[in-house]
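First comes the structure, then the notes that go with it.
The values are calculated or read from the model by the stated rules, or taken from the named source; none is laboratory data. None of the values given here were measured: they were computed from a predicted structure. Positions of Cβ are backbone-derived with ideal geometry, glycine not excepted, and every protein chain shown enters the neighbour counts. Just so you know, the surface numbers come from the protein's heavy atoms only, side chains and all, with ligands and any DNA or RNA stripped out. Shrake-Rupley method; radii C 1.70, N 1.55, O 1.52, S 1.80 Å.
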Amino acid sequence: IAIMADAVDDLDGFERMRLVEEPLILLLPGSFRDKKCDDLEELGRQLPLVAYPGRSHIGQLIQQHLRRLGLNIPSSLAYGTSYGVAQMVAAGLGWAIVTPLCTLEGLAVADRTCCMPLPPPGISRRLTLVSRSGELGNIPTHIAAVAQQVIETSCVPEIRRLMPWLSGQFKVGPI
């Protein structure tokens, strides 16, 4: 059993249960709190992008999205953890594209950062529980239900507090 951002849809023999679907958002230094940020290219001219490594799933997802938009945004900083990304953004060294759950890892610096919607077209990621088909009875279903309950009770209230504009874009549970 694994909880993954990549549901390995191209492989047979696995059961998949969606836990969360969440949009990617902007994480900006606190000084951007009252600014409009609807142009990623302009944002990239003001500050470098603090990126996730290209080998990570979220790093690849973000790079693909920027390529689809035809954007070449410089990134001089890359961190493998959301906490490291949040620290760099809080220090004013750049901005990042993250998910609402990723922002929770950097809550210690939430007062020095701000979250805003990613300009359209948006993109989202899913976290999925993946298990081998028919091997573990109802254990995967039970684990998925517990994980969804934890997300709903521990994460969703904080996400709503920090990002009230998300409304129905953060989805817990199956499709």
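Odds and ends about this structure:
- Scanning the range 141-154 for residues that are crowded, with 18+ Cβ neighbours inside 10 Å and either within 18 Å of the chain's Cα centre (by Cα) or without any contact (Cβ under 8 Å) to a residue 12 or more places away in the chain (or both) gives GLN148, ILE151.
- Residue match in the range 138-160 (condition: part of a helix (DSSP H, G or I) and either among the basic types (Lys, Arg) or more than 28 Å from ILE1 (Cβ to Cβ) (or both)): yes
- Condition met for TYR52 (farther than 16 Å from ARG125 by Cα, under 15 Å from the mean Cα position of the chain (by Cα) and aromatic (Phe, Trp, Tyr)): no
- Top-ranked residue in the range 161-171 [being in a helix (DSSP H, G or I) and in contact (Cβ under 8 Å) with a residue 24 or more places away in the chain; ranked as farthest from LEU27 (Cα to Cα)]: GLN169
Conditions (1) open to solvent by 40 Å² or more (accessible area, probe 1.4 Å); (2) under 20 Å from GLY59 (Cβ atoms), marked per residue:
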residue	(1), (2)
ALA96	no, yes
ALA110	no, no
THR128	no, yes
ILE139	yes, no
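- For the range 65-94, the candidate set comprises residues that are of a type outside the set (A, V, I, L, M, F, W, C) and farther than 15 Å from PRO48 by Cβ; within that set, the residue that is surrounded by the most Cβ atoms within 10 Å (Cβ to Cβ) is SER82.
- Comparison of ILE97, ILE73 shows that the only residue that is out of contact with any Cys (no Cβ under 9 Å at 6 or more places or on another chain), on the phi < 0 side of the Ramachandran plot, hydrophobic (A, V, I, L, M, F, W, C) and at pLDDT 95 or above is ILE97.
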